[in-house]
Amino acid sequence: MSTGATTALPDGLDVLLIDGDLAAASGGGTFETTNPATEEVLGAAADGTAADMDAAIGAARSAFDEGTWAADPVFRARCLRQLRDALQADGEAMRALTTAEVGAPTFLTSGPQFDIPVEDLGWYADLAESYDGWRTDLGEATPVGVRSQRWVLREPAGVVGAITPWNFPHQINFAKIGPALAAGCTVVLKPAPDTPWCASAIARVAAERTDLPPGVLNVVTSSDHTLGAQLAGDPRVDVVSFTGSTATGRAVMRTAAEHITKVFLELGGKSAFVMLDDADVAAAAGMAAFMAATHAGQGCAITTRLLVPASLHDEVVDAAAATMAGLAAGDPNEPGTICGPVISERQRARIESYLQLARDEGATFAAGGGRSERFERGWFIDPTLVVGLDNSSRVAREEIFGPVLTVISHTGDDDAVRIANDSPYGLSGAVFSADEERALAVAGRIRTGTIGVNGGVWYSADVPFGGYKQSGIGREMGVAGFEEYLETKSIAIAR
Ligand code: NAD
């Protein structure tokens with residue numbers, strides 16, 4: 001089966017962006033980036049070094065401290081729109097790159113894997129110009145006997161160290177670059193080693209086709225994870241904006257603690273899809289199966305626990321299994337594919353170890369259960385429906401990051417809420433019921449940062465996204481996401 005793209009990919013992606021210059025890594029090192037659907041090497045990425053990271057942080061610091069970037073929101077908005085327009089002009093090649101490097105099905109590259117986050121750069125540009133919180137007049141007061149006029153100012157926080165994962169690279173890179181630049185910060189982006197080209201393509205467009213001043217946006221690709229730790233631990237960085245696993249987030253927080261650097265963390269999830277006993281079984285089960293299969297389950301906000309009324313358990317399993325059987329892993333270049341490959345051999349082995357664990361814990365698979373037999377090459381796992389476990393099993397508690405949905409019975413609304421909340425995570429979720437009020441009441445009791453009711457979609461530039469509990473600290477997107485990149489200064493003058 002062919003998994004080759006026909007569109008030409010962007011050229012010249014073996015470069016870093018430091019202080020306005022596109023250049024090879026110091027020492028000239030490169031590493032391979034690979035197509036997960038074919039296992040073919042796409043080409044070489046620049047293997048940035050500690051010296052490169054040091055230079056990038058220095059450039060971002062100088063651009064913030066010495067340039068006019070932080071003081072000119074109209075210019076910032078113009079640069080963000082230039083970046084958006086140039087990336088949109090390259091849309092065909094960028095979408096092809098995203099499918100080739102990330103394994104993202106094409107239906108996602110015309111949505112959250114490319115088109116939507118690029119369009120959203122315009123939303124951040126608008127916000128840079130329209131934000132009305134830069135200066136708040138609190139009026140006069142006489143605290144401790146001194147008549148004083150008070151203002152609260154919001155100011156750009158400074159240098160942002162952005163550390164990102166591979167699963168939705170454009171969505172996550174732009175959800176950091178967009179608001180950070182709009183707010184007046186400068187940025188050093190350290191993308192995941194699995195998807196370096198998605199980031200270097202942004203670097204090339206930013207350097208060649210926008211007026212972004214040198215040092216405002218720096219991109220350092222590397223095969224070396226320790227460059228992330230270097231960025232998180234450098235005292236010249238004011239905000240560490242991290243998306244990735246909870247384990248790495250914990251390490252980032254520890255590293256940043258050395259200099260009390262502000263951290264913003266978007267971490268893992270194990271979100272619940274809650275069906276109430278009056279829900280349309282076919283619609284809810286179908287949607288739960290579809291969500292778990294999408295992009296081979298490689299989304300932090302995907303619902304991976306399906307909580308079903310015990311009385312409807314078998315009916316739901318049959319319906320979800322039937323949907324999953326129709327969503328078998330496929331070539332991400334085919335328009336009908338929902339579940340493409342997983343990112344790497346290592347990630348496939350990790351998912352397979354969880355499937356073995358499920359067997360060891362006594363589960364059966366109502367659909368899928370392992371590697372796709374349709375492909376001789378590529379890292380494909382078929383969407384899998386795990387049955388027979390309860391919420392205490394490791395498969396129900398730990399993030400698998402593959403197309404694996406675990407069905408768990410509940411005995412009613414209170415029990416469903418209890419199980420949904422019985423998780424170290426709190427990132428997202430869903431509730432399905434014929435009764436809107438009842439569904440909203442259940443949604444309100446689940447401790448999670450985002451939740452969709454009866455198929456409602458919260459994903460949008462103006463909607464804050466983030467986690468409760470071990471799913472993170474802070475919010476990305478929306479005005480709240482922009483304000484993560486601002487400091488607050490209170491000023492009083494005696495009258
Ligand atoms: P990861 O945690 O392994 O790596 C993320 C990034 O951190 C990479 O760029 C990596 O090089 C860097 N890194 C690794 N060690 C580091 C260290 N000690 N200090 C600083 N940086 C370090 O995550 P991943 O495997 O790339 O992505 C998958 C994970 O990301 C999943 O757990 C998923 O849930 C999570 N994720 C969360 C969100 C969200 O918004 N909550 C979104 C997407 C992915």
* Along Cα→Cβ, 7 Å out, is where each label goes; now give me the distance between the ones at R397 and R350 in nm to one decimal. => 1.9 nm
* To do: Report the Stokes-Einstein translational diffusion coefficient (µm² s⁻¹, integer) for the chain, Rh taken as the Kirkwood radius over Cα pairs, at 10 °C with viscosity 1.306 mPa s.
  => 68 µm²/s
* How large is the charge dipole for the chain, taken about the Cα centre, if only the Cβ atoms of Lys, Arg (+1) and Asp, Glu (-1) carry charge, to the nearest 20 debye? -> 1220 debye
* Asked: Where in the range 138-221 are there trypsin sites (Lys or Arg not before Pro) that are in a DSSP coil and have at most 14 other Cβ atoms within 10 angstrom of their Cβ?
  -> R147
* Asked: Residue farthest toward the positive end of the dipole of the range 185-326, with Cβ of Lys/Arg at +1 and Asp/Glu at -1: which of V219, A320, L307?
  -> V219
* Efficiency of FRET between W458 and T142 - r from beta-carbon atoms, R0 45 angstrom, step 0.05 -> 0.50
* Structure fact -> In the neighbourhood of F432 defined by beta carbon distances under 10 Å, the net charge of the other residues (Lys, Arg +1; Asp, Glu -1) is -2
* Asked: Accessible area per residue, 1.4 Å probe, Å², for the chain: what's the number?
  -> 37 Å²
* Structure fact -> The extension gain from E437 to W134, computed as 0.36 nm times the residue separation minus the Cα-Cα distance, is 105.2 nm
* Asked: How long is the gain from E361 to D126 if the chain were fully straight, where each residue apart is worth 0.36 nm and the alpha carbon distance is subtracted?
  -> 79.4 nm
* Structure fact -> Expressed in nanometres to one decimal, the distance between label points 7 Å along Cα→Cβ at R150 and E373 is 7.2 nm
* Neighbour net charge for R204 - beta-carbon separation under 13 angstrom, K R +1, D E -1 -> -4
* What is the extension gain from I260 to A480, computed as 0.36 nm multiplied by their sequence separation minus the C-alpha to C-alpha distance, in nm to one decimal? -> 77.1 nm
* **Antiparallel bridges, percent of DSSP beta bridges restricted to the chain (to nearest 5)** => 50 percent
* Net charge of Cβ neighbours under 12 Å - reference R236; Lys, Arg +1; Asp, Glu -1 -> -3
* In the chain, with Lys and Arg counted as +1 and Asp and Glu as -1 at Cβ, which of these residues, G444, P193, V457, has the Cα nearest the positive end of the dipole, that is, farthest along it? -> G444
* Could I have the simple spin-label model distance between H313 and M253, label points 7 Å from Cα toward Cβ, reported in nm to one decimal? => 3.5 nm
* Structure fact -> Expected field for T226, accessible surface area in Å² at 1.4 Å probe radius, rounded to 10, holds 80 Å²
* As computed over the range 271-460, the Cα convex hull volume per residue (Å³) -> 110 Å³
* Structure fact -> For the chain, the longest principal axis of the Cα atoms and the Cα long axis of helix 169-183 enclose an angle in degrees, to the nearest 10, of 30 degrees
* **Sparse-neighbourhood loop sites, GluC sites (Glu not before Pro) in the range 205-304 - DSSP loop, at most 13 other Cβ within 10 angstrom** => E258
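The values are calculated or read from the model by the stated rules, or taken from the named source; none is laboratory data. Just so we're clear, the structure is a prediction, and the values are computed from it rather than from any experiment. Every residue, glycine as well, gets a Cβ built from its backbone with ideal geometry; the counts of neighbours run over all protein chains shown. Protein only, heavy atoms only, side chains kept; ligands, DNA and RNA dropped before computing areas. Shrake-Rupley method; radii C 1.70, N 1.55, O 1.52, S 1.80 Å.
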